[in-house]
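The values are calculated or read from the model by the stated rules, or taken from the named source; none is laboratory data. Computed from a predicted model, the values in this text were never measured in an experiment. Every residue, glycine among them, receives a Cβ derived from its backbone with ideal geometry; neighbour counts consider all protein chains shown. Heavy atoms of the whole protein, side chains included, go into the accessibility calculation; ligands, DNA and RNA do not. Shrake-Rupley method; radii C 1.70, N 1.55, O 1.52, S 1.80 Å.
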Amino acid sequence: MKHVIILGDGMADWAVPSLGDKTLLQYAHTPYMDKLASMGRTGVLKTVADGFHPGSEVANMSVMGYDLPKVYEGRGVLEAASIGVDLQDGDMAMRCNIVCVEGETLKNHSAGHISTEEADELIRFLDEKLGSDRIHFYTGVQYRHLLVIKGGDKRLACVPPHDIPLQPFRPNLVKALCPEAQETADLLNELILKSQELLATHPVNLKRVAEGKDPANSIWPWSPGYRPQMEPLSEKYPSIRKGAVITAVDLIRGIGRYAGLRCIDVEGATGLYNTNYEGKAQAAIEALKTDDFVYLHVEASDEAGHEGDVPLKLKTIEDLDSRIVGPVYEAVKQWDEPVAIAVLPDHPTPCELRTHTNEPIPFLIYYPGIEPDAVQTYDEISCKEGGYGLMEKDEFMNLFMNIQ
């Protein structure tokens, strides 16, 4: 049995009054996900361990069956792995968003979805002006970048920028959680304020403003950590001799690298609604011909949720169904070696709230010969009645990977 997980990041949501108090998964036209739910079995999964923030890194590592209290070291270290930065002992890595600040307000977490090419110019400029033997900036993808501080103390309270859109930024600056971390907190806040001075008049931002776009006029470092101690999935699950991850997001790529999965690049994969769905589906199909396990991650629904854009999020869900789930199912259903398919989000990103929440998420599992439960549609409400019930920790992954 081969195994593929199709994960629609942030796909789960709350009931929306304008949709007749249905969730987006209930309202959206998703014939393939509904078909697999009716032919397979469903349940709900708690992906955010107690005491953890509902970030995508937490939720995706949880889906893969990792024990968060043992291995979690924040987003920065995962993105470092993705872009090839080899962290040394004492290196503290942080996700470093490039954001838009308007006056005293953090307008958005993505600088208006700045392009990687524009951001690279700004990050290189900041590394030249603010970098040192101790401080290094590295370019990632779009608005998602990396800051590494040698000798940094990770005992910090950092607010994710996507949690505070349109809120004052100064009350949300970095805070030390112990006296020993105060020097690191002060350094980070100094870098934030200096970046605002430096980026305000940078040619990239002057051009963006002239074009009516949001300027990328501040950094926002968060999620600090050190190199994690993650065992490869092949050591946790003997059925995974060879595996792959397909994603447009550095964070998930980094998880994949620490998990021992090969990372497959897909041309035109953007992490947004305009991503190359067909290319990602075909890459997964090809990978399943040689690999035992494929983790196919699609970011688009999460970004639409952060924008609070209900119509766009509906489109991303329907695109996932018709352009990812459908093609993968149709391709593998007649294979001699059967393929187990799981579909799920990592966490909800309600359009109303515009950030992540920690409610359990719906999942479905289908493979040839499975005994179906009574659930006929795939959504947050129906799956609560599914045959798998409520799962947590590594229960989902243990179940899924032991299907033979």
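Quick check on THR349: is it polar (S, T, N, Q) and open to solvent by less than 10 Å² (accessible area, probe 1.4 Å)?
In short, yes.
Determine, yes or no, whether ALA304 is crowded, with 18+ Cβ neighbours inside 10 Å, within 18 Å of the chain's Cα centre (by Cα) and either modelled with pLDDT under 95 or of a type outside the set (Phe, Trp, Tyr) (or both).
Yes, satisfied.
Consider region 159-186. How many of its residues are open to solvent by less than 90 Å² (accessible area, probe 1.4 Å) and free of Cβ contacts under 8 Å to residues at least 40 places away in the same chain?
Here the count works out to 8.
Taking the residues in region 196-217 that are in contact with a Pro (Cβ under 9 Å, 6 or more places away or on another chain) and within 25 Å of LEU173 (Cβ to Cβ) as candidates, determine which candidate is most open to solvent (accessible area, probe 1.4 Å).
Ranking the qualifying residues of region 196-217, first place goes to VAL209.
Conditions tested, residue by residue: (1) among the hydrophobic types (A, V, I, L, M, F, W, C); (2) assigned to a helix (DSSP H, G or I).
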{"position": "SER110", "(1), (2)": "no, no"}
{"position": "GLU118", "(1), (2)": "no, yes"}
{"position": "GLU121", "(1), (2)": "no, yes"}
{"position": "LEU126", "(1), (2)": "yes, yes"}
{"position": "ASP133", "(1), (2)": "no, no"}
{"position": "HIS136", "(1), (2)": "no, no"}
{"position": "THR139", "(1), (2)": "no, no"}
{"position": "LEU147", "(1), (2)": "yes, no"}
{"position": "ASP153", "(1), (2)": "no, no"}
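Within region 212-251, track down each residue that is in contact with a Leu (Cβ under 7 Å, 6 or more places away or on another chain), among the small types (Gly, Ala, Ser) and under 21 Å from HIS113 (Cβ atoms).
Within region 212-251, ALA216, SER218 qualify.
Being within 21 Å of LYS393 (Cα to Cα) and either open to solvent by less than 10 Å² (accessible area, probe 1.4 Å) or modelled with pLDDT under 95 (or both) is the filter here; which residues of region 6-48 pass it?
Result: ILE6, LEU7, GLY8, ASP9, GLY10, MET11, ALA12, THR42, GLY43, LEU45, THR47, VAL48.
Just to be sure I understand the filter: pairs with C-beta atoms under 8 Å, separated by 6 or more residues or on different chains, first member in region 370-382 and farther than 20 Å from LYS333 by Cα, second member in a loop (DSSP other than H, G, I, E, B) and not acidic (Asp, Glu). Which pairs pass?
ALA374/GLY387; VAL375/GLY386; VAL375/GLY387; ASP379/THR23; GLU380/THR23; ILE381/THR23; SER382/VAL375; SER382/GLN376
Identify all residues within region 143-155 that are closer than 18 Å to ILE83 by Cβ and either crowded, with 23+ Cβ neighbours inside 10 Å or free of Cβ contacts under 8 Å to residues at least 40 places away in the same chain (or both); write none if there are none.
TYR143, ARG144, HIS145, LEU146, LEU147, ILE149
Taking region 157-211 on its own, how many of its residues are in contact with a helix residue (DSSP H, G or I) (Cβ under 7 Å, 6 or more places away or on another chain) and among the β-branched types (Val, Ile, Thr)?
Within region 157-211, residues that are in contact with a helix residue (DSSP H, G or I) (Cβ under 7 Å, 6 or more places away or on another chain) and among the β-branched types (Val, Ile, Thr) number 4.
From LEU344, LEU314, which residue is surrounded by fewer than 24 Cβ atoms within 10 Å (Cβ to Cβ) and of a type in the set (A, V, I, L, M, F, W, C)?
Matching residue, one of LEU344, LEU314: LEU314.
Can you tell me which residue in region 113-138 is farthest from ALA80 (Cα to Cα), limited to those that are open to solvent by 40 Å² or more (accessible area, probe 1.4 Å) and touching an Asp or Glu at 6+ places or on another chain (Cβ under 9 Å)?
HIS113
Mind listing just one residue for me: the one in region 224-273 that is under 19 Å from ALA59 (Cα atoms) and acidic (Asp, Glu) and, of those, surrounded by the most Cβ atoms within 10 Å (Cβ to Cβ)?
ASP250
Would you be able to tell me the number of residues in region 84-105 that are touching a helix residue (DSSP H, G or I) at 6+ places or on another chain (Cβ under 6 Å) and either open to solvent by 40 Å² or more (accessible area, probe 1.4 Å) or of a type outside the set (S, T, N, Q) (or both)?
Counting residues in region 84-105 that are touching a helix residue (DSSP H, G or I) at 6+ places or on another chain (Cβ under 6 Å) and either open to solvent by 40 Å² or more (accessible area, probe 1.4 Å) or of a type outside the set (S, T, N, Q) (or both) gives 6.
Could you please give the count of residues in region 6-32 that are over 11 Å from ASP346 (Cα atoms), touching a helix residue (DSSP H, G or I) at 6+ places or on another chain (Cβ under 7 Å) and hydrophobic (A, V, I, L, M, F, W, C)?
5
Looking at ARG75, ARG124, which is the one that is charged (D, E, K, R) and at pLDDT below 90?
Among ARG75, ARG124, only ARG75 is charged (D, E, K, R) and at pLDDT below 90.
Applying the selection to region 67-81, what residues are open to solvent by 10 Å² or more (accessible area, probe 1.4 Å) and either more than 20 Å from VAL249 (Cβ to Cβ) or within 16 Å of the chain's Cα centre (by Cα) (or both)?
The answer is ASP67, PRO69, LYS70, TYR72, GLU73, ARG75, ALA81.
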